[in-house]
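Participant: Before we start, here is the structure in question, set down as C-alpha cells.
The values are calculated or read from the model by the stated rules, or taken from the named source; none is laboratory data. Predicted model only: the values in this text are computed from it and were never measured. Quick reminder, even Gly has a Cβ in these numbers, built from the backbone with ideal geometry, and neighbours come from all protein chains shown. In case anyone asks, the SASA skips ligands and DNA or RNA and just uses the protein heavy atoms, side chains included. Shrake-Rupley method; radii C 1.70, N 1.55, O 1.52, S 1.80 Å.
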Amino acid sequence: MKDKQKRKKERTWAEAARMVLENFSDAPMTPKQILHVIQTKGLKEMRGTAPLACLVTMLHSQVRGDRVKNSIFFKLPGRMSLFTLKVLKLAPSCSMT
C-alpha cells in the first residue's frame with residue numbers, strides 16, 4: 001500500500017496527463033477535462049492552490065519551442081486548448097516474402 005501511495009506522490013503532471021490521455025480518453029481533451037480525471041482517479045497528489053495552472057503550464061511548455069520534437073503531447077491547431085498524445089509513426093517493416 002505504501003509503494004502505491006509513494007508512486008502517486010512522485011508522479012509528475014506530465015506522467016498523470018499521459019495516463020489520462022492513454023487510458024481514459026479516445027478523443028482530445030482540454031486541460032480542465034484532464035485535471036478532472038486526474039483528481040477523480042487519484043493519479044496525482046494535489047498540493048497548492050492552482051493545480052489547473054500547473055497542468056496548463058506544463059502542457060503549453062511541452063508543445064512550444066525546443067521541446068516540441070521530444071514531447072509526447074500535441075495541441076490541436078486552430079483550437080484553443082485541446083491536447084492529445086502524439087502518434088509515433090513507425091517505419092514500414094520489410095518482409096522477405
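Participant: Which of the residues that make up the range 68-88 are closer than 17 Å to Lys32 by Cβ and surrounded by fewer than 10 Cβ atoms within 10 Å (Cβ to Cβ)?
Facilitator: Within the range 68-88, Met80 is the sole residue that qualifies.
Participant: Let me ask you something else. Residues of the range 64-79 being under 12 Å from Ala14 (Cα atoms) and without any contact (Cβ under 8 Å) to a residue 24 or more places away in the chain, which ones?
Facilitator: Correct list: Ser71 only.
Participant: Name the single residue, out of those in the range 26-49 being hydroxyl-bearing (Ser, Thr, Tyr) and not in a helix (DSSP H, G or I), that is surrounded by the most Cβ atoms within 10 Å (Cβ to Cβ).
Facilitator: Checked the range 26-49; the qualifying residue surrounded by the most Cβ atoms within 10 Å (Cβ to Cβ) is Thr30.
Participant: Specify the residue that is least open to solvent (accessible area, probe 1.4 Å); the eligible residues are those in the range 50-67 that are of a type in the set (S, T, N, Q) and over 11 Å from Ala17 (Cβ atoms).
Facilitator: Out of the qualifying residues, it is Ser61.
Participant: Going by what's in this entry, would Leu59 be described as in a helix (DSSP H, G or I), modelled with pLDDT of 90 or more and either in contact with a helix residue (DSSP H, G or I) (Cβ under 8 Å, 6 or more places away or on another chain) or acidic (Asp, Glu) (or both)?
Facilitator: Yes.
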